[in-house]
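Asks: This is the structure, below, for whatever I ask next.
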Amino acid sequence: MSIDPFPSQGAFARELDVSFPLLSDWPLYQTAKSYDVWRENLHLAARVTYVIDKEGIIRGVIENESDMEIHSREALGIAREIAGSSG
Amino acid sequence: MALKIGENAPDFSLRDAARNKVSLEDFKGKKTVVLAFYLLAFTPG
């Protein structure tokens with residue numbers, strides 16, 4: 001998710017050919033704010049990835065501004081752990 | 001900065017690129033959700 005308006009998200013989604021939804025938090029940035037990643041001074045969201053289990057509990061928080069691969073690798077690992085523990 | 005492990009994830013209801021509504025509630029009891037905040041479209045990460 002990002003704060004881009006829908007047309008930007010659509011173009012980005014087509015370019016990446018992703019199989020998951022790219023959500024737009026524009027124009028209120030309410031989700032970035034409620035997840036405490038909104039940086040008012042920069043008017044941007046921080047690079048943070050959350051893993052949320054089926055009960056709606058946060059099970060993983062990945063914060064790394066420079067290494068993007070860590071986000072996908074750790075999120076996948078945590079998601080697998082959750083899947084393994086809950087069956 | 002950022003919420004902590006063990007906290008309740010705040011619900012959200014946003015629209016995807018096709019303007020379909022997607023809520024955290026949609027996945028409750030069904031799927032694990034990976035919610036990734038990234039800076040802007042066409043940026044790496």
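The values are calculated or read from the model by the stated rules, or taken from the named source; none is laboratory data. Since we're looking at a predicted model, the values are computed, not measured. Cβ: placed from backbone, ideal geometry, glycine included. Neighbour counts: every protein chain shown.
Asks: Being touching a residue at least 12 places away in the same chain (Cβ under 8 Å), in contact with a helix residue (DSSP H, G or I) (Cβ under 6 Å, 6 or more places away or on another chain), over 25 Å from B:ARG19 (Cβ atoms) and at the interface with chain B (Cβ under 9 Å from one of its Cβ atoms), is that true of even one residue in segment A:50-57?
Replies: Scanning segment A:50-57, I find at least one residue that is touching a residue at least 12 places away in the same chain (Cβ under 8 Å), in contact with a helix residue (DSSP H, G or I) (Cβ under 6 Å, 6 or more places away or on another chain), over 25 Å from B:ARG19 (Cβ atoms) and at the interface with chain B (Cβ under 9 Å from one of its Cβ atoms), so the answer is yes.
Asks: On to the next question. I'd like the residue in segment A:60-85 that is out of contact with any helix residue (DSSP H, G or I) (no Cβ under 6 Å at 6 or more places or on another chain) and crowded, with 16+ Cβ neighbours inside 10 Å and, out of all such residues, is farthest from the other protein chains (Cβ to nearest Cβ).
Replies: Across segment A:60-85, the extreme among qualifying residues is A:GLU74.
Asks: Only one of (1) more than 7 Å from every other protein chain (Cβ to nearest Cβ); (2) surrounded by 11 or more Cβ atoms within 10 Å (Cβ to Cβ) fails for B:ASN20. Which number is that?
Replies: (2)
Asks: Report, by residue number, each residue of segment B:2-20 that is at pLDDT 95 or above and basic (Lys, Arg).
Replies: Residue satisfying the conditions is B:LYS4 alone.
Asks: Within segment A:3-47, track down each residue that is at the interface with chain B (Cβ under 7 Å from one of its Cβ atoms) and at pLDDT 95 or above.
Replies: A:THR31, A:ALA32, A:SER34, A:TYR35, A:ASP36, A:VAL37
Asks: Give me the residue from segment A:34-56 that is within 21 Å of B:ASP26 (Cβ to Cβ) and surrounded by fewer than 18 Cβ atoms within 10 Å (Cβ to Cβ) and, out of that set, nearest to the chain's Cα centre (by Cα).
Replies: Restricting to residues being within 21 Å of B:ASP26 (Cβ to Cβ) and surrounded by fewer than 18 Cβ atoms within 10 Å (Cβ to Cβ), the top hit is A:SER34.
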